[in-house]
Amino acid sequence: MDHKHVGAWTMMANMQFERHEVQPAQKTYEKLLSWDRNDSYALCQLANIYLQAAGALLINHHLTNHSCSK
């Protein structure tokens with residue numbers, strides 16, 4: 001795809017994210033930001049990916065360090 005078709009790239013990243021294809025979506029949003037570092041939508045979506053990953057790490061940490069077994 002031509003980088004001039006930012007809308008198509010954005011739609012592709014959104015579809016990847018909706019399909020839980022997080023790494024491809026992240027790379028696509030990063031590609032969009034390489035063309036326009038002020039793309040607020042791509043920035044927000046990338047932040048959502050980072051927050052989702054951080055949340056998963058926190059949950060995993062909590063589960064492994066606070067087991068109910070004695």
For the range 34-40, Karplus couplings with θ = phi - 60° (6.51, -1.76, 1.60), whole Hz, Gly/Pro x: 5, 8, 8, 5, 9, 5, 5
From the protein chains alone at 1.4 Å, what is the descending order of accessible area for Leu43, Leu33, largest first? Leu43, Leu33
Proximal charge balance of Cys44 [Cβ under 15 Å; K/R count +1, D/E count -1]: -2
Quick one: Karplus J couplings for the range 15-32, per residue in order, coefficients 6.51, -1.76, 1.60, θ = phi - 60°, nearest Hz, x for Gly and Pro? 5, 4, 5, 4, 8, 6, 8, 5, 5, x, 5, 4, 5, 5, 4, 5, 5, 4
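The values are calculated or read from the model by the stated rules, or taken from the named source; none is laboratory data. All values derive from a computational prediction rather than experimental measurement. Don't worry about glycine lacking a Cβ; one is built from the backbone with ideal geometry, like all the others, and counts go over all protein chains shown. The protein model used for the area step is the full one, side chains on, heavy atoms only, and it has no ligands, DNA or RNA in it. Shrake-Rupley method; radii C 1.70, N 1.55, O 1.52, S 1.80 Å.
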